[in-house]
Structure formats: structure tokens, C-alpha cells
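Engineer: Got a structure here, written out as C-alpha cells. Questions coming.
All of the numbers you see were taken from the coordinates with simple rules; none came from a lab. As the structure is a computational prediction, the values presented were derived from the model and not from experiment. Glycine also receives a Cβ, built like all others from the backbone with ideal geometry; neighbour counts cover every protein chain displayed.
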Ligand SMILES: Nc1nc2c(ncn2[C@@H]2O[C@H](COP(=O)(O)OP(=O)(O)O)[C@@H](O)[C@H]2O)c(=O)[nH]1
């Protein structure tokens, strides 16, 4: 069986199981390529009827404007409904100060806004775009991943999923994170985008951008939140983004790839992993993702 | 590109993690930043075993606890590697991990006679009916690449293995650490002229799907007047008449993976439209021939929960999308990771096809009514 057909079918089945096993499922939408693919898959899963999920955007307030514009256009053109939750508000509520660093990241604080949303909106399932190839902790997570009332993931007591039989039964207060793209790699996502001709924010393609060049050669798109030092050098480069997180901590990569075909060709050449190439926050600790997930992260 | 799900098992320290790491490394599937990290941790040479040991507890204990998924591609195949733990106490994870795989690589240590746990692994392969079994005798470097040692292990395994008729066995002597016969052919073992592990995987023919079988649909749910379902086997044509018990069903229009189409193949996700849809329910099977009703069955189960005393308990049975209460008889104590044949009575019948039972395709899980945990998985052996 063709691998993209297999992955598409698997994702559709997972999305349908989510719709039929839960009362209040939401689809986590970040505006990145993975969540855009999920919206596309959800449309296929329930066609010709409308997508039975409300989107949920955990907004750090550090989004690229391109992402937000794309989000709003997608929601409008597909007739979706979306709930936007503010990370800044969740931080204020908990009196968490703004991170003071050169590249101030609110990424880790997204968990708070997510947990608040789950509680206030009575969400029993959150569909996320996590892929097992992204990270060693994710590589071990189930497709239906149960979280307790505090949002905690316990990796040592996960439910086995033989023959992909997904058990979404939960007790009150618990919720489930659902990962339809578990078995996709970054390249699978791009090949699927090509096959299905899915539109993406322009950030994913090469464009001229004012960047800050870090000592290790990494390029950070310049934005007003970065605390510039006198020794910093701003350069204009042709770059694109491999992941679209907070604009404050997502590095750009030098690239000339202006189309989906060129991005695929570029990825076939690249030597760096997706996160290694672009996420400052994940470079910090080897167990970074596992710790965050245990605390309620996506 | 096709997809192939491969799983690896072996005893603790037989070199499973090293083998996976080697496979990824020699097929150029490890990115430089991750290789750099592994090399730092290995004090100069990449510590291949660390590639798949993803969780903190595993790193601190230095063992593999849970199922980990890794991916790599060759020209024609996307591989999903399922790395499963070797410890006796994690057999259940192995069963779950292996359940969906077409190929199993069972690792054996050349340095020691095969152990009880390896027998357990082989038993599970047989139980699950995994089509291709690659038995890799590892650490050949540590025994001077001696053919005699390889043959010794071979005869030990043959003494306990009863491969099913349709199971294929492949024997390969390897050194995961040195990379002999994993991706690259070994120069050190001229007496072995067969394929490397990767060559063997590449040559495994695509899974024979069940296009020619009797078409069968399973209903996932009803939404906005449409029925959502999956083609379990056979080729579905929108013109077919479907049967269940004494009822029959006509479909007016069909979507396959979201696109209007008249024909769907096994595994496809379909949307069914027509005036008969409201009588459909989640969990039903509809066939070109009506399925049987099963209210009582015997299941070969792998127990995944805590130990149970002899007696009868009520659990939730799930078969595909069908759910029933099941009264399960435990004639003797069952411990976590045990495999036993158990008899159960269902609160209401489920639909099954006899040919699917023969083919080990009617699979179930059991769910605890209090904790909602999945406490067992198994294959229906016979129905009453
Ligand atoms: N001599 C030798 N040692 C090996 C080989 N493969 C693995 N080992 C060693 O065996 C030990 C256990 O390996 P590991 O991959 O962690 O085993 P696992 O518990 O099965 O995952 C480690 O010290 C490895 O370096 C091999 O081919 N030859």
C-alpha cells in the first residue's frame, strides 16, 4: 500500500474515533503545517458533512502575523469555528512574570492556557499535531494519550494500543490527547502537502528577512521582542522556517526553496533534525519534551 | 513508496537498541545534531542504544521499558520500526507493539543459550501470526564469527519453535555493534551467503491484502445522517447489497477517504449516504454475506492488568468499534503478561465472520470498568 494513502487512512480513522468516542473534542490549531494538514484530514474524514470539531488556538501573543492572517482566512473559508486562548492571560492569572531573556519564549507557558481551556470548555479530547519522529519522548506516546485531572502524562502507565484499537474511555476530570499524525515524518507531511496541494503560510517558503546571526550560525528572524545587544549583527537573508512556533524562539534556516517541490528537495538533502535546526527551547535539555509533557504540555 | 511495520524483540542486553541504532545509522537516517549528541554521550563513538531509549526512567535504568516508534525510508519503503522491551514484566508492551507488525526481528545472543524469555517472544510471534520472522543471532564478533555457534543457537530455537504454516523464517548471523550483516554484508563470515537484515526486509513482498475476500464493512458511527465506516476486507462497490442478519442495506453514494468514489479497498475509510443509513449503528458489520452473531467465545488473551484470582469478572469487550459487557471466566490465576485461553459470555452478540476467525483477524481488547485501563488483548479462537 502506498505510504501516503496508508498514513492518510490511519489519520482519518483516528479523527473519526475521536469524534465518535468523545463528547467535546477540540482540534488544537497552531497555524503550523501539521495542524493545517489535520484540518485538511478532518475535512476528508467527515466529508461531505462539516468538521465536527471546534479549533482551539493557544495564542502566545508571539505569533507571526503571517500565521494569524492565514489562520483567520482558513477559518473563514472553511466555515470553521475557533476558540483563541491567551497565554499571557493564563500567566497573569498565575502571576508568572514575563520570561526575561534574549529570546523571551512563552512556549513552556502554553500548558497553563491549555489546561485552563480544557477545564473551562469541558474539553475531553484535544487533537494535536505531534509526530513521533519529532522527539524521543513523543516516540513513546500513544495515539490516545490519557492525561489526569492535572493534565499530567504518565509515560510509565500508558494504555497498550494493540491493532490500533484506541481506548478513549476516561473518568470525569481526565482528558485525552489525540495524535493522528503519530506515524508521519516531516517529509511525509510535505509529500502529503504536495499531493493534496494544501496551502501554507508564506513563512514556510524562502523569503528575504532581517535576521540576527547567532555565534553558532543560527539565524533568528528579527522581531521587536528580541533584546538586542550592542554586538549583535542584523543581516538580510533569504530564509524560511521549518517550524512555526513563537517568533521569539524559532530559528529560520537559510533557504532558496520557494515552492513545495523545492522544500522537499531541500529536506532530502538536509542533515539536521527539525527540532535541532529550529527550536532553541528544545536544545536546552535532553529530557525537555518529556518534562513538559508530564506537566501538561501538548 | 510502500509501508512496512517491523518490530524487534530480544532479551535484555541482547543488543536490540544497538541493532535499531545501527540500522538507522547505516541507512543514513540519523541527523547530524542527534548523531552529535549520541557521540558525546558515547564518549567519542555514537552510543547507538541511546537512540531509542527515550524516557527518563529508561535512561536512568539503562533499559527499554516501553514501545518506541522510529522511522526510516529506503528507495521503495517507509519503515515503521517498533522497538519493544525484552523484560518479562513488559511482555504486554511487546504484544501490543508486535500486534500490528508484518515482520518481527527476534534477536538472540550468540554468547549464551536461549532463555525462557526468548521462548516467550517466539510464542507471541506464533500467537499473533506474524508472517515473517527474522531470527538474528547477534554478537557474532564476540564468538569469533564461528559458524558452529550460529548453528548451535539455530538448533536451540528450532527445538521450541512451531512456526505456523504461513510463517516464513529467516536466519541471519550479525554483529549490531560492528555493523556486520545489518545493512552491509559481512566480510568476516564467508560461510554465510544470505541477505543482510535490511536486504531481507527489502525483499519481503507486500502484504497480501484481502481484496478478493468477501466484502465486509464496519460502522464507526452516524453523523448528520451519513454513516461512517471502514472496509475491513474485500473490494467494496457502491452497487453491492449488504446484509446483516435478515436485514439488507443499499448504499446510494459513497466517499472514500473524503472523495466521492464508487469503489473502495481494504482499510479505506468510507462515508455512506442513502436512506437506509439511520438503521446503522456503531460496531455493526455488514457483509455481502451476512456475518454471524457471536455471544460466547474463547479468546487467546495476553493479560496486561494486575494479577487476577480465579473467578468470573465483568469487563468491557471491544472488537473494532463494537463494545459489549463480557463475563470472563478465569479458571486459574492469571498474572500480568500471561497468555491464556479464556472463555467469555457477552451481554449481546457481536458480528463476526468465520473466515476472519480462522485468519486470526477477529481481535479484541478488554477494558476495566472502574479504571478504564486496557487490561487485555487477544484473538478470538472459537465461537459458541
Ligand atoms: N560484542 C558485541 N556487543 C554488542 C553487540 N550488540 C550490542 N552489544 C552490547 O550489548 C549491550 C546491550 O546492548 P543494548 O543494545 O543496550 O541491548 P538491549 O537491552 O537489547 O537494547 C551493550 O553493551 C552493547 O554494546 C554486538 O554485536 N557485539
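Engineer: Determine, for B:106, B:231, A:233, the number of other Cβ atoms within 10 Å of each Cβ, and report the residues in order from fewest to most.
Structural biologist: Working: B:106 26, B:231 23, A:233 8.
So the ranking, lowest neighbour count to highest, is A:233, B:231, B:106.
Engineer: For chain A, what is the Kirkwood hydrodynamic radius in Å, using each pair of distinct C-alpha atoms?
Structural biologist: Numbers: mean 1/r = 0.0504 Å⁻¹.
Result for chain A stands at 19.8 Å.
Engineer: Once you put a point 7 Å from the Cα of residue A:268 and another 7 Å from the Cα of residue A:150, both along the Cβ direction, what distance in nm separates them?
Structural biologist: Simple spin-label model gives 4.9 nm for this pair.
Engineer: Here's a follow-up. What does the C-alpha gyration tensor say about the overall shape of the range B:216-287? Classify as rounded when a/c is under 1.5, otherwise prolate if a/b is larger than b/c, or oblate.
Structural biologist: Details: a/c = 1.34, a/b = 1.14, b/c = 1.17.
Taking the square roots of the gyration eigenvalues as a ≥ b ≥ c, the range B:216-287 is rounded.
Engineer: Helix B:32-41 against the longest principal axis of chain B: what's the angle in degrees, Cα atoms only, rounded to the nearest 10?
Structural biologist: The answer is roughly 60 degrees.
Engineer: How big is the gap, in Å, between the Cα center of the range A:162-204 and the Cα center of the range B:273-296?
Structural biologist: Centre-to-centre distance over Cα atoms comes out at 29 Å.
Engineer: Here's something else I'd like to know. Under the classification rounded if a/c is under 1.5, otherwise prolate if a/b is larger than b/c and oblate if not, where does the range B:2-203 fall, given a ≥ b ≥ c as square roots of the Cα gyration tensor eigenvalues? Don't jump to the answer; show the numbers that get you there.
Structural biologist: Details: a/c = 1.33, a/b = 1.17, b/c = 1.13.
Judged from the Cα gyration tensor, the range B:2-203 comes out rounded (a/c under 1.5).
Engineer: Roughly how many nanometres apart are two label points built 7 Å out from the Cα toward the Cβ at residue A:214 and residue B:259?
Structural biologist: 4.2
Engineer: Evaluate E = 1/(1 + (r/R0)^6) for residue B:185 and residue B:126, where r is the Cβ-Cβ distance and R0 equals 30 Å; express this FRET efficiency to the nearest 0.05. Numbers along the way, then the final one.
Structural biologist: Numbers: r = 30 Å, r/R0 = 1.00.
Step by step, r from the Cβ atoms, then E = 0.50.
Engineer: Can you tell me what percent of all Cα-Cα pairs in the range A:1-145 are more than 27 Å apart? Don't jump to the answer; show the numbers that get you there.
Structural biologist: Working: 2627 of 10440 pairs.
Looking at the range A:1-145, the distances longer than 27 Å represent 25 percent of pairs.
Engineer: Let me ask something additional. By how many degrees, between 0 and 90 and to the nearest 10, does the Cα long axis of helix B:147-160 differ from the longest principal axis of chain B?
Structural biologist: It is inclined by approximately 30 degrees.
Engineer: May I pose another question? Tell me, what is the percent relative contact order of chain B, built from C-alpha pairs under 8 Å that lie six or more residues apart?
Structural biologist: On the way: 860 pairs, mean separation 44.5, N = 384.
About 12 percent, as a whole number.
Engineer: If all Cα-Cα distances of the protein assembly as shown are sorted into 10 Å bins from 0 onward, what percent lands in each bin, rounded to whole numbers?
Structural biologist: 3, 14, 24, 26, 19, 10, 3, 0, 0
Engineer: Can you give me the pair-distance distribution of chain B, C-alpha pairs, 10 Å bins, whole percents?
Structural biologist: Calculated over all Cα pairs of chain B, the distribution is 5, 21, 27, 24, 16, 7, 1, 0 percent.
Engineer: Still on this structure: Between residue A:94 and residue A:157, what is the FRET efficiency for a Förster distance of 35 Å, r being their Cβ-Cβ separation, to the nearest 0.05?
Structural biologist: Working: r = 28 Å, r/R0 = 0.79.
Efficiency, rounded to the nearest 0.05: 0.80.
Engineer: Between the range A:72-138 and the range B:333-371, what is the separation of their alpha carbon centroids in Å?
Structural biologist: 40
Engineer: Run the numbers on chain A and let me know its relative contact order in percent, using alpha-carbon pairs under 8 Å that are six or more apart. Please report the intermediate quantities before stating the final value.
Structural biologist: Numbers: 506 pairs, mean separation 61.5, N = 298.
Normalised by residue count, the contact order of chain A is 21 percent.
Engineer: Normalised by the number of residues in the range B:237-384, what is the relative contact order in percent for Cα pairs under 8 Å and 6+ residues apart? Could you put the intermediate results ahead of the total?
Structural biologist: Values: 337 pairs, mean separation 34.8, N = 148.
Dividing the mean separation by the residue count of the range B:237-384 yields 24 percent.
Engineer: Please give, to one decimal in nm, the separation of the simple spin-label points placed at residue B:239 and residue B:348, each 7 Å out from Cα toward the Cβ.
Structural biologist: 3.5
Engineer: While we're looking at this one, here's another question. What span do the alpha-carbon atoms of the range B:293-383 cover on each of the three principal axes, reported in whole Å from largest to smallest?
Structural biologist: 33, 22, 18
Engineer: Tell me, what is the FRET efficiency for residue A:171 and residue B:281 to the nearest 0.05, using R0 = 30 angstrom and their Cβ-Cβ distance as r? Present the calculation step by step, with values, prior to reporting the outcome.
Structural biologist: On the way: r = 25 Å, r/R0 = 0.84.
Calculated transfer efficiency: 0.75.
Engineer: Looking at the protein assembly as shown, what % of its DSSP beta bridges pair antiparallel, to the nearest 5? The partial results should precede the final answer.
Structural biologist: On the way: 93 of 133 bridges.
Of those bridges, close to 70 percent are antiparallel.
Engineer: Tell me the Kirkwood radius of the range B:247-289: reciprocal of the mean inverse pair distance over distinct alpha-carbon atoms, in Å.
Structural biologist: Details: mean 1/r = 0.0884 Å⁻¹.
By the Kirkwood definition, the hydrodynamic radius is 11.3 Å.
Engineer: Indicate, rounded to the nearest 5 percent, the antiparallel portion of the DSSP beta bridges found entirely in chain B. Kindly include the intermediate steps, with their values, before the conclusion.
Structural biologist: Details: 73 of 99 bridges.
Looking only at bridges with both residues in chain B, the antiparallel portion is about 75 percent.
Engineer: Mind checking the full-extension length gain between residue A:194 and residue A:122? Use 0.36 nm per residue of separation minus the Cα-Cα distance, one decimal, nm. Intermediate values should be presented prior to the final figure.
Structural biologist: Details: separation 72, 0.36 × 72 = 25.92 nm, distance 3.63 nm.
Gain in length upon complete extension: 22.3 nm.
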